[in-house]
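Asker: I'd like to ask some things about the structure below.
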Amino acid sequence: MAPIQAVFQVLSRNLKCMSAKNRTVSGALGGFLGFVGMSAIAGILVTAAVTPALALSGMAATNTINVFENLPDYLAIDQLAQKSNVYANLTDGSPYLLASFYDQNRVEVASDAINQFVKDAAISGEDPRFYEHGGVDLQGTVTGLVTTLASGTARGGSSITQQYVKNVLVQKCEVLTDQKKRTTCYDAATETSPDRKLKEMRLAIGVEKKYPKDDILRQYLNITGFGGSVYGIEAAANYYFYTSAANLTLPQAASLVAIVNNPVKFKLDNPDSKTNGAENGYQANKQRRDYILGQMLKYKKISRADHDAAVASPVQPNLHEPSTGCQTAGGSAYFCDLVINTLQNDPTFGADESTRLANFRRGGYNIYTTLDLDLQSVAESTMKANVPSSYPGWDVGGVITSVQVGTGRVLGMAQNKDYTQDPAVAASNPNATGLNYNTDIDQGGSHGFQPGSTYKVFTLGEWLTEGHSLNERVDSRRKSDWGTFKDSCNGPQNFPGFNPKNDSNESGTNYSALESTIGSINTGFIGMAKKLDLCGIRKTAESFGVHRADLDPLQQGASAVLGTNEVAPLSMAVAFAGIANNGVTCSPIVIDRITGPDGAEIPPPKSDCKQSVDPSVDAGMTYAMQRVMSNGTATASNRATSPKVPMIGKTGTTDGNKDTWMSGASTKVATVVGVVSVTGDINQRNIFFDSGQAATARHRMWPEVMSVANAKYGGDAFAEASSKVLQAVQVPVPDLRGKTMADAQSTLESAGFSYADGGVTDSEMPAGTVARTDPAGGTSASRGATVTVYSSNGTQVVVPDVVGKTEAEARATLNGFAVTKTEQDVTDPKQVGTVVGMTPAAGSGSAPGGRVSIAVGKLGAGGKGNG
C-alpha cells in the first residue's frame, strides 16, 4: 500500500500548496501543474480500478497498479439481518402473528416486489451511470477523490455497487457479539481513508464480476439503511408510508431514496424537527426528494407531467411503528416470553444465550408456536373478569396454564398483569411486570408458588405404587408429635411441633386414602406419608416433571407432603397432564415448527415423554381424582364445566388461604388455575373482587377454560382401576392379649395396622398388659385399618373351666363365684348330671364373686336310660 499512500500524500501536499494564501503567479502555476499531474496519477488508478485489463495492456505496470491489482476482490455476501416472527394458531389452523423481533427491521424482497419508481430513483439520484460502469463510476470517483484529498475525509463519488459493498462490510460487523470486535470491525469498514476507499473500489469490481446489475440493485435496496432500525425498502415503505415496496407512489419512492443519502437528516419520523418536520412540510427531505425527481426527469425515467405532479405533492408520512418484542403480543405476551426464553436455551441458534438471541433477532426465522388462540382468548377474558391487575394492600397474582395431554404442547398461558421489560415501568406500575408467574425462574419466571393440596396427588401415587389401596385406612388423628418418618435419602426424620390441621376441621381418626383425597384431609395424607418413604414421595413428584421453580432440589420433609415447595404452575400442569395420560408425562414444548429465512425447516425442541408411574397405579390416581370432581372439593368447578367429559381434579389452598388453586384435566387438556400472593400474605376468604370471593375465583375461571377445551378437544374415559387398587388387602389381626402395650403397638404396625390406645378396661390379664383388641385377635381386617388396643387394670379373675364336671365338682371349683344353674336336655346318658355349658366362657375374666351360670345335662325326650 505504500506507493498508493505516497501518491495520495503527494497529491494532498500539492492541493494544500494550492490553497496557500500568499502565493506568486509562478507558484500558483506550479501548484496547478502539480495538481494536474497528481490528478493524472489518480486517474490512472481509477482507470486501473475500472478496467484493469486495459491498464495492464495500455501502460507500463507500475508498482501502484500492481498493488491495486493485488487487493482482494472477493466479497462474501452473508445472509441479511431480518426480523424474526412468532406465530400462534387460529381456529382454522392458520398462523396469527404474535410478535416480531429484530435488531434491523428488514424484510428482504425480490426484485419484482420493488416498484420501478424506487429503482429509477435510486439510480438517478445515487448512480446515473450504474448500468454503464464496471463497479466504479470513473467520473464520480474522480470528483469524490478530489474532495477526499482536499478535505481529508472520504466523501461522494461512490457508486451503488460501492455503497452496497460498504453496507455488506458493516453488516458483517453487526453480527459480532463481542462489542470490542464489533467496534474494531465497524471502524475499519467506515474509516474515512483513501486506503478504505481503494479496498471498497476493488471489492465493488469483484461484486460486478459475480452478480448481474439487477441483482446488485435489488441487494442494495434490501440492505441499505433508511434511518434508525429500519433497513431495506420493504420495511421502509411499511414504516414511513404504511404500504409495500411494490405499491409506493412516485413521490413516496423519491422520498425514501432521499433518506438513503443522509438518514439522520432526511428520515421522516420526527415530526417535531425544526429543519425536517411536519411544520415545514419535511423541508429537508422534500428538497432532496425533488432533486431526485429532477434527476429522474433528466434521465428520462419519468415524464414532465409526472415530475411536476410529484414535486407539487406534499411529503406526508403515514408512520406505522413496527411491532417488536413480546409486549406487542397483548395478553399472550407471557407465552411469547417463554418462547423467546426457550429459543435462548436451544443450541440450534448458537453456543450461548446472547449469541442465540442475537441470531434469532437477525436471522429471519418464523416460529410457529403451540398456542391455541381459542383457549388463550378465554383464558385472557376470564382472567380479566375475575382477577384484577392490582388490589389495595395485596400483591395479587393470577395464573392460567393449559397443556395438551400426551404431547406437552402448551396451549394457553395468561396472567393478570400487563407485560413489560422496562424495569422502571415494572417498579412504578403495580399492574405491570416482566416476570412470568407461570414458569421457572430461568424461563423468565418468578420463584414459583406453593401448590398446596394439589401436590398431594404425588403422595397418592407413591401410596399406590407401594402396594397400598385406596380404601386402606391410616391413623388420621391430629397430633403434635407424628413420630419418626422414613427417609431413605436422609435417614429417619422427626419434625417436632409439626401439627397440621384440616381445612374444614374434619376430626375423623381413621380416614382411607380415598376419603383423604376426596376431602383433601391433611392429617390423612400425613398418616399415609408415615407409612411411606419421604424420599419416595419426592421421587414420584419428580417423575411427573415437578421441580422447584427456583431450581433448588425439591424439599421432602413432612410439610412438603401438603405442598410447601414453590413450584411453577406450568410444572403442575405438565404433571396433571401426565396423570391424565396413563402416567406418561411429556415435557412442555412451545414451538411446533421453525423455518429459516430460506424457508427451510429447522428442528424445534422436542417433548420428552416418559412413564412416571405404572398404568395400574395411575388408574387408581385418576379414580380418586374423578371422585374429587364429582363429590369432593372440586365439585364447584365440575358443575360449571360444559360440555361434560370425564375429568380429574384436585384443589389446593395454602396456609392462611394465601394461595388458592384448581388443577385438573380431561384425557386431552390439563389446566392449572391459581390466585396467588406474589409477595406478602393475605386471607383470600376475606377478600372480594367484583366477580366474587377471591378464594373461589379459581372455580369461576377453570370451568370457562375447560369448557372451551372440552368443546374443541373432547375427552375419553380414564382407565378403570383394578380391585387390587380399590380394595384393601385383608390380613389377620394378631392376638395381643397379655403383651405389653409397647409390644402390641410394634406388632400391629409391623403387620401393617395402625395402633390406637383404647384406654384401660376391666380384665383378668395382668395390669398394664393387653386385655383385648378391636377387631379381636384372630379375625381379619383391612391392611392399614386401625386396631384399638385396651389395657388391663388387673381387677378381674379368670373363670375356671368346669365343663364336663359334675354339678358338685363344678360348684366346688367355682367357689367364690355366685353360681346359678340351668338344665339343658341331652341325648347322651353320660352327660346327665354334668356341666355341658357355662357363661361367661371359661378363661374369660370376671370380677371376684361375679355370677357364673352353669348348664347341667338332663335326659330329654327320646333319651334312653341305662337299663
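Asker: If you check every pair at least six apart or on different chains, which have Cβ atoms under 8 Å apart with a residue in segment 738-767 that is without any contact (Cβ under 8 Å) to a residue 24 or more places away in the chain and at negative phi first and a residue that is charged (D, E, K, R) and surrounded by 15 or more Cβ atoms within 10 Å (Cβ to Cβ) second?
Answerer: Once the first residue is without any contact (Cβ under 8 Å) to a residue 24 or more places away in the chain and at negative phi and sits in segment 738-767, its partners that are charged (D, E, K, R) and surrounded by 15 or more Cβ atoms within 10 Å (Cβ to Cβ) give 747/739.
Asker: Here are some conditions: (1) open to solvent by 50 Å² or more (accessible area, probe 1.4 Å); (2) aliphatic (A, V, I, L, M); (3) in contact with a Phe, Trp or Tyr (Cβ under 9 Å, 6 or more places away or on another chain). Residue 414 meets all but one. Which one does it not meet?
Answerer: Result: residue 414 fails condition (1) only.
Asker: Within segment 265-296, can you find the residues that are open to solvent by less than 40 Å² (accessible area, probe 1.4 Å), farther than 17 Å from residue 236 by Cα and out of contact with any helix residue (DSSP H, G or I) (no Cβ under 7 Å at 6 or more places or on another chain)?
Answerer: Across segment 265-296, the qualifying residues are 273, 277, 281, 294.
Asker: State all residues of segment 304-332 that are hydroxyl-bearing (Ser, Thr, Tyr) and touching a helix residue (DSSP H, G or I) at 6+ places or on another chain (Cβ under 8 Å); if no residue qualifies, say none.
Answerer: 313, 332
Asker: In segment 649-669, how many are among the basic types (Lys, Arg) and outside any strand (DSSP E or B)?
Answerer: Final tally of qualifying residues: 2.
Asker: I would also like to ask the following. Does segment 125-138 contain at least one residue that is over 48 Å from the mean Cα position of the chain (by Cα), at pLDDT below 85 and open to solvent by 60 Å² or more (accessible area, probe 1.4 Å)?
Answerer: Yes, segment 125-138 has at least one match.
Asker: Okay, next question. When you go through 645, 613 one by one, which is the residue that is assigned to a loop (DSSP other than H, G, I, E, B), modelled with pLDDT of 95 or more, touching a helix residue (DSSP H, G or I) at 6+ places or on another chain (Cβ under 7 Å) and open to solvent by less than 20 Å² (accessible area, probe 1.4 Å)?
Answerer: 613
Asker: Starting from segment 92-115, keep only residues that are modelled with pLDDT under 95, then list their pairs with residues that are open to solvent by less than 20 Å² (accessible area, probe 1.4 Å) and of a type in the set (D, E, K, R) whose Cβ atoms are within a distance under 8 Å, requiring at least 6 positions of separation or different chains.
Answerer: Between residues of segment 92-115 that are modelled with pLDDT under 95 and residues that are open to solvent by less than 20 Å² (accessible area, probe 1.4 Å) and of a type in the set (D, E, K, R), there is no close pair.
Asker: State whether one or more residues within segment 343-360 are assigned to a loop (DSSP other than H, G, I, E, B) and crowded, with 24+ Cβ neighbours inside 10 Å.
Answerer: no
Asker: Answer yes or no as to whether residue 514 is free of Cβ contacts under 8 Å to residues at least 60 places away in the same chain and either in contact with a helix residue (DSSP H, G or I) (Cβ under 9 Å, 6 or more places away or on another chain) or over 13 Å from residue 453 (Cα atoms) (or both).
Answerer: When the stated conditions are applied, residue 514 does not pass them.
Asker: Can you tell me which residue in segment 432-454 is most open to solvent (accessible area, probe 1.4 Å), limited to those that are in a helix (DSSP H, G or I) and farther than 15 Å from residue 339 by Cβ?
Answerer: So, considering only residues that are in a helix (DSSP H, G or I) and farther than 15 Å from residue 339 by Cβ, the one most open to solvent (accessible area, probe 1.4 Å) is 441.
Asker: Please go through (1) open to solvent by 10 Å² or more (accessible area, probe 1.4 Å); (2) in contact (Cβ under 8 Å) with a residue 60 or more places away in the chain for residue 429 and return the number of the only condition it doesn't satisfy.
Answerer: Looking at each condition in turn, residue 429 falls short on (2).
Asker: Right, here's the next one. Here is a list: 381, 402. Which entry is out of contact with any Lys or Arg (no Cβ under 6 Å at 6 or more places or on another chain), part of a strand (DSSP E or B) and hydroxyl-bearing (Ser, Thr, Tyr)?
Answerer: Of the residues listed, the single one that is out of contact with any Lys or Arg (no Cβ under 6 Å at 6 or more places or on another chain), part of a strand (DSSP E or B) and hydroxyl-bearing (Ser, Thr, Tyr) is 402.
Asker: Given the criteria at negative phi and within 37 Å of the chain's Cα centre (by Cα), does residue 331 qualify?
Answerer: Yes: the conditions hold for residue 331.
Asker: Let me ask you something else. Which residues, counting only those in segment 769-784, are surrounded by fewer than 18 Cβ atoms within 10 Å (Cβ to Cβ) and either modelled with pLDDT of 95 or more or not in a loop (DSSP other than H, G, I, E, B) (or both)?
Answerer: Hits for segment 769-784 are 774, 780.
The values are calculated or read from the model by the stated rules, or taken from the named source; none is laboratory data. Small disclaimer: the values here were computed from a predicted structure and weren't measured. All Cβ positions, even for glycine, are placed from backbone atoms using ideal geometry, and neighbour counts span all protein chains on display. Keep in mind that these areas ignore ligands, DNA and RNA; they rest on the heavy atoms of the full protein, side chains included. Shrake-Rupley method; radii C 1.70, N 1.55, O 1.52, S 1.80 Å.
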